[in-house]
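Colleague: I have a structure I would like to understand better, so I am pasting it below and will then ask my questions one at a time.
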């Protein structure tokens, strides 16, 4: 199976970093292919928030060094865990084409034209793990920060991944009563926004999840960092942590349909004879 894992500032907690290293090594040992996406998002970058790919005008030399250091640290953790990891920027090896664009708000942004998974596939076929940062050097010589959540979805789409997993510091998507939702029908997202407390970051992440599902990625899950240990058994055992993002309705959803999301999820659980 092909798995894309998106992480954020994981190396700030060495214990979590080691857990990810061991979990990744187990997945590779079991014959799975794993690609890791990571990156920072810098505020006050003067970029249109609706852009899929963001140009970071405040991408200073210090910011570049920080992202590169995180990439090196993550590669080191994976190598020490017994995994042959290779750290790259997203633009290395012509993995993506970028072009300048204009947003609705008339600000300059950067648009992803094409994503090529050739090198991701090449590294994985040789039992390696690509660790890809969201930093890219555009053809016009400017460093750009890509939105890491959308980048993970784009990588999963281009690579035709079987699963996309977002490791987060939260337990998952919470309903209006504060309970973590076991399943979330992505077609109900717009209605859910008015009924539950969803942060801007989580909303952006869920939209990326929707794009991945629509592109054919089989499974998309938001998984809390506290449950990294679940990664090695992701395809063989049931995992109750986090939120599984699905698309039951396959189109525009009504309020009544969204009220039935939990019922549909219970039906799926009831008839799931195989492990998750």
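Colleague: So, in region 113-127, how many residues would count as being surrounded by fewer than 19 Cβ atoms within 10 Å (Cβ to Cβ) and modelled with pLDDT of 90 or more?
Modeller: Residues of region 113-127 that are surrounded by fewer than 19 Cβ atoms within 10 Å (Cβ to Cβ), as a first pass: 113-116, 118-119, 121-122, 125-127.
Okay, now just the ones that are also modelled with pLDDT of 90 or more, so 118-119, 121-122, 125-127.
The total comes to 7.
Colleague: Further question: Can you name the strands (runs of 3 or more DSSP E) wholly within region 32-105 that have at least 2 residues being more than 24 Å from residue 13 (Cβ to Cβ) and at pLDDT below 75? Walk me through it before giving the result.
Modeller: Details: elements: 33-38, 84-89, 96-102.
Correct list: 96-102.
Colleague: Test residue 216 against the stated conditions and say whether it is at pLDDT below 90, assigned to a loop (DSSP other than H, G, I, E, B) and loosely packed, with under 15 Cβ neighbours inside 10 Å. Give the derivation first.
Modeller: Details: at pLDDT below 90: no; assigned to a loop (DSSP other than H, G, I, E, B): yes; loosely packed, with under 15 Cβ neighbours inside 10 Å: yes.
For residue 216, the condition - at pLDDT below 90, assigned to a loop (DSSP other than H, G, I, E, B) and loosely packed, with under 15 Cβ neighbours inside 10 Å - is not met.
Colleague: Can you pull out the residues in region 160-170 that are crowded, with 22+ Cβ neighbours inside 10 Å and over 10 Å from the mean Cα position of the chain (by Cα)? Quick ask: steps written out before the conclusion?
Modeller: Our first condition is that a residue be crowded, with 22+ Cβ neighbours inside 10 Å; within region 160-170, this holds for 161, 164-167.
Selection gives 161 alone.
Let's see how each residue does on (1) out of contact with any strand residue (DSSP E or B) (no Cβ under 7 Å at 6 or more places or on another chain); (2) modelled with pLDDT under 85; (3) closer than 19 Å to residue 167 by Cα:
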site	(1), (2), (3)
189	yes, yes, no
200	yes, yes, yes
204	yes, no, yes
212	no, no, yes
223	no, no, yes
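Colleague: Tell me whether region 151-158 contains one or more residues that are more than 13 Å from residue 245 (Cβ to Cβ), at pLDDT below 85 and surrounded by fewer than 23 Cβ atoms within 10 Å (Cβ to Cβ).
Modeller: no
The values are calculated or read from the model by the stated rules, or taken from the named source; none is laboratory data. The structure presented is a predicted model; accordingly, all values stated were derived computationally and were not measured. In this analysis, Cβ positions are derived from the backbone assuming ideal geometry, glycine residues included, and neighbour counts consider all displayed protein chains.
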